[in-house]
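Below is one structure, written out as structure tokens; the observations come after it.
The values are calculated or read from the model by the stated rules, or taken from the named source; none is laboratory data. Given the structure is predicted, the values throughout are model-derived calculations rather than measurements. Here Cβ is always computed from backbone atoms with ideal geometry, including for glycine, and neighbour counts include all displayed protein chains. Side chains included, ligands, DNA and RNA excluded: accessible areas come from the protein's heavy atoms. Shrake-Rupley method; radii C 1.70, N 1.55, O 1.52, S 1.80 Å.
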Amino acid sequence: PPDTPGDFSCQTRNMTTVTCTWNQGRDTYLYGRHSSKHTLFDEFSQNLVPCTVSCSEQSSQCSCSWDIGQQRIYNITLTVENALGRKTAMEAFDVTHRIYPPPPFQLWEECTDTEIKLHWNHQNKGIELFCQTEVFQPNGKAELLHHTSITLGGLQPFTKYTARVRCGAAKNFWRWSEWSKAQTIRTKEAAPSGKVDIWREITPVLRGRNVTLFWKQEPGFRANARSISYEITWEKVEDSSKAECISLSSAYNSTRIFIDNHPYRITIMAKNNVNYSLPSILIIPGATGNSRSTEKMLSDSELKEEQVNGTEDGILISWEPRHTYDSYVIDWCNFPMSQPCDLQWERFGPSTSSALINSAAFVPGVRYNFRVYGSTANRASLLERKTGYLKEQPPEFCTEVKNIELSNHAVTLFWDPCPTNKTDRGFLRGYRIYVSPVQEDCNLKGSKKHVHSDGSVLCKYTMENPEERRYTVKHLTSNTKYKLAVVAYTGGGEFPELNFMYIDTPFDSDMMYLLVLLVIVPSLIVAICVWKMKWVKECCCPVIPSPNKSKVLSFKEFKVRS
């Protein structure tokens with residue numbers, strides 16, 4: 001048997017024809033004269049609806065359309081029947097409440113630099129429509145606006161927008177039409193919005209200074225045109241009548257100019273076919289009589305370079321705030337070993353006293369130099385200098401011992417200063433001295449044990465003064481072969497390989513004298529004594545005569561008579 005018709009609904013697109021649609025459900029597997037029959041009956045007029053039903057075999061969707069004439073209210077009963085059963089569905093409606101208009105067509109626009117007025121046509125002139133416009137912004141976001149006609153305001157100049165429109169009946173709204181074909185519209189050009197941020201680097205030369213100017217667009221800057229150029233003007237602060245000017249295309253972000261030792265005002269503006277942007281101004285202070293800028297003199301005589309540490313997120317720069325400045329500037333080179341070095345700068349507000357500087361160009365083992373400026377009234381003054389690494393690395397060299405002073409129980413090592421280009425992978429913190437006897441592990445007083453990569457145990461001494469160039473290793477054993485090495489170390493570690501040198505401590509003559517005194521001399525005396533025992537005995541221990549052996553004192557010849 002047939003299924004109950006699903007999604008049975010009727011609507012009109014033009015108030016002259018009504019179309020009813022439904023889903024006939026599953027296949028009944030009855031064909032030809034046994035297939036299901038569809039009929040529509042209007043309960044109000046008590047008549048069959050004069051329409052021909054058509055069904056799609058692919059989608060099981062059926063529809064039926066007829067002219068409505070003057071009738072506006074219907075109560076339609078849909079009957080689906082075959083030899084195995086019958087199912088019905090009902091739909092009561094007012095035609096004026098079921099208007100589904102066709103999509104608008106022939107969209108066109110009138111636009112300025114910030115406004116678009118959108119027009120369109122629609123087929124049903126006699127039906128009052130309420131339309132909805134969807135506008136796609138350049139960032140991809142969509143905005144829905146409900147109007148009978150549309151004027152889009154507050155737009156960005158020289159920007160593409162995409163709009164489409166759909167409509168529904170203004171009275172007794174039923175449903176939206178399909179969307180119209182999308183229309184892409186570009187607003188007209190306007191003067192650049194925002195400002196250009198300008199910075200400089202000053203190099204004293206004969207009779208003046210070379211000033212390298214750098215610029216970049218501030219956040220929020222918009223060209224508002226197909227192309228822009230940059231116009232740079234410089235003039236003496238005291239005399240603006242002799243201004244010089246150059247214009248550069250948008251492909252440039254730096255240039256070099258020559259100025260004398262007077263104070264100068266430098267102005268940069270972005271320009272397009274409509275007008276100029278707001279100007280950015282930079283004041284270059286006057287130089288001293290010896291052609292050295294004030295900034296350079298302060299740098300040499302008063303400012304010391306302070307070491308700063310890097311983190312995973314960048315290099316932290318902090319400075320002492322001064323209430324006399326309305327902003328601060330930090331500049332640095334992304335590639336300090338190259339020319340040009342890709343000078344970068346950032347500006348900070350007057351209440352800021354630290355900043356985390358990060359750049360995709362920062363790599364471990366490269367030293368970056370930072371300068372902190374205070375700025376007031378477009379005039380910058382150098383305040384502090386910093387230097388640091390994103391991450392320190394071990395030095396790229398092994399220290400070579402140039403000279404030694406050797407004694408029985410000590411050795412003094414001398415080495416040359418580290419080459420600057422070999423230690424710039426980190427701040428030089430000092431030196432480490434490794435010592436060990438060649439034939440055995442080391443165990444010297446005052447040292448720390450260090451297990452070498454070959455498994456041998458070395459004695460390690462650490463010098464934390466990078467300016468020191470000598471070290472004395474004490475408590476050595478005389479007449480012994482030792483191996484020694486000196487390596488520099490930074491905050492990133494030490495040179496990974498040890499370049500050993502070998503020494504032999506001399507024989508200890510004091511020990512020989514002691515040996516002679518304590519062993520050889522007594523032994524010689526004993527030997528002599530043994531060899532001349534009789535003589536020694538006679539000299540040192542003479543035989544004392546016994547009275548009984550003396551003939552003179554013998555009393556054996558005398559007899560005592562009683």
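Given +1 at the Cβ of Lys and Arg, -1 at the Cβ of Asp and Glu and no other charges, the dipole of the chain around its Cα centre is 2640 debye to the nearest 20. Packing order of peptides 404-414, 184-194, highest average first: 184-194, 404-414 (average count of other Cβ atoms within 10 Å over each peptide's residues).
Above 19 Å, the calculated P(r) of segment 367-420 contains 62 percent of its Cα-Cα pairs. For the chain, the solvent-accessible area of protein heavy atoms averages 59 Å² per residue (probe radius 1.4 Å; ligands and nucleic acids excluded).
Length gained on full extension, Ala170 to Val438: 86.3 nm, using 0.36 nm per residue less the C-alpha separation.
Any idea what the alpha-carbon Rg over 2.2 N^0.38 Å comes to for segment 196-284?
Numbers: Rg = 13.5 Å, N = 89, 2.2 N^0.38 = 12.1 Å.
It is 1.11.
Computed over the chain, the per-residue total of -39500 (n - 2.57) for DSSP H runs of n ≥ 4 gives a 222 nm mean residue ellipticity of -2000 deg cm²/dmol, rounded to 500.
Taking R0 as 35 Å, what FRET efficiency do you get between Thr480 and Ile528 from their Cβ-Cβ distance, rounded to the nearest 0.05?
After rounding to 0.05, the efficiency reads 0.45.
Of the residues Ile76, Cys442, Gly430, the one whose Cα sits farthest toward the positive end of the charge dipole of the chain, with +1 on the Cβ of Lys and Arg and -1 on the Cβ of Asp and Glu, is Cys442. Residue-wise HN-Hα couplings along segment 45-51, as the Karplus relation 6.51 cos²θ - 1.76 cosθ + 1.60 with θ = phi - 60° gives them from phi, are 8, 6, 10, 5, 6, x, 9 Hz; Gly and Pro carry x. A simple spin-label model places the labels of Glu218 and Asn358 2.5 nm from each other, with each point 7 Å out along Cα-to-Cβ.
Each semi-axis of the equivalent ellipsoid for segment 75-165 is √(5λ) with λ an eigenvalue of the Cα gyration tensor; in descending order they amount to 43, 16, 10 Å.
The simple Förster model, with R0 at 45 Å and r as the Cβ-Cβ distance, assigns Arg186 and Lys242 a FRET efficiency of 0.60. When log10 I(q)/I(0) by the Debye sum over Cα atoms at q = 0.06, 0.08, 0.12 Å⁻¹ is computed from the coordinates, the matching label among (1) -0.71, -0.85, -1.20; (2) -0.29, -0.52, -1.20; (3) -0.35, -0.63, -1.47 is (1). Which of rounded, prolate, oblate describes segment 421-493, given a ≥ b ≥ c as roots of the alpha-carbon gyration tensor eigenvalues and a/c under 1.5 marking rounded, otherwise prolate only if a/b is larger than b/c? Prolate.
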